[in-house]
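Input: a single structure, listed below in structure tokens.
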Amino acid sequence: NIIIAVERLKHIKEMSSGKFYEDALFSLFLENVIEERRVKPLNVTPIYCKTSRTVQCTVCDKYKKTLVQSNKLTNEDLHLKAVTLSAGTIQYKVRFSMSTYISSAPEKNGQPVCLGISNSNLYIACSQSGDSSPVLLLKEVNGPLNTIKADDPNEYDSLLFFRKETGTAYSTFESVKYPGWF
């Protein structure tokens, strides 16, 4: 291909300079020098790495129900409830630290994030038992979550959600492990 390109360059050199010369040279490179190759993507297990960006936030649903810790309202075991708060009960809102992640594979589903209750080691997880539908629950995590691999043996991938902005101040969350849920 290179020899053919050099021979054709001799022909182009005889042409006058200008736009025609540039077009001919460009066509020569496209036809003879640049090779088209088909690239097949590898099926690689994605790895999610934590970034330095963490945002403090609260979470509510489309009905304006806010997540609160149940044990703050009653003497039950710790879990989250979605309730409509009235004036004077704002202190029961759960504050979250939303940590952002980047993926080793291109993501078109949104920004990977983890939602942890601020000043604790509890995270929202999407989990499934048997054939039942996935559910949200709190999972205790000891240690940092700097890197999370899909199909993680400790099931840390259940802590990851794709965040999509749906307005100026609104986001939706979809489980990374269970697409289509939450």
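The values are calculated or read from the model by the stated rules, or taken from the named source; none is laboratory data. Remember, it's a predicted structure, so these values are computed and weren't measured experimentally. Cβ: placed from backbone, ideal geometry, glycine included. Neighbour counts: every protein chain shown.
Has segment 135-154 got at least one residue that is closer than 23 Å to SER70 by Cβ and assigned to a loop (DSSP other than H, G, I, E, B)? Yes, the conditions are met somewhere in segment 135-154.
Given the options SER133, SER127, name the one that is within 18 Å of GLY180 (Cβ to Cβ), loosely packed, with under 10 Cβ neighbours inside 10 Å, at pLDDT 85 or above and of a type in the set (Gly, Ala, Ser).
Numbers: SER127 fails: loosely packed, with under 10 Cβ neighbours inside 10 Å.
Criteria check complete, one pass: SER133.
For LEU160, state whether it is surrounded by 14 or more Cβ atoms within 10 Å (Cβ to Cβ), in contact (Cβ under 8 Å) with a residue 24 or more places away in the chain, farther than 20 Å from CYS49 by Cβ and of a type outside the set (Ser, Thr, Tyr). So LEU160 fails the test. For segment 83-106, a residue qualifies if it is modelled with pLDDT under 80 and closer than 20 Å to LYS164 by Cβ, and the qualifying residues are ALA105, PRO106.
Would you confirm, using the coordinates I've provided, whether SER99 is of a type in the set (Ser, Thr, Tyr), assigned to a helix (DSSP H, G or I) and touching a strand residue (DSSP E or B) at 6+ places or on another chain (Cβ under 9 Å)? I'd like the intermediate steps shown before the answer.
On the way: of a type in the set (Ser, Thr, Tyr): yes; assigned to a helix (DSSP H, G or I): no; touching a strand residue (DSSP E or B) at 6+ places or on another chain (Cβ under 9 Å): yes.
Considered against the rule, which asks whether it is of a type in the set (Ser, Thr, Tyr), assigned to a helix (DSSP H, G or I) and touching a strand residue (DSSP E or B) at 6+ places or on another chain (Cβ under 9 Å), SER99 comes out as no.
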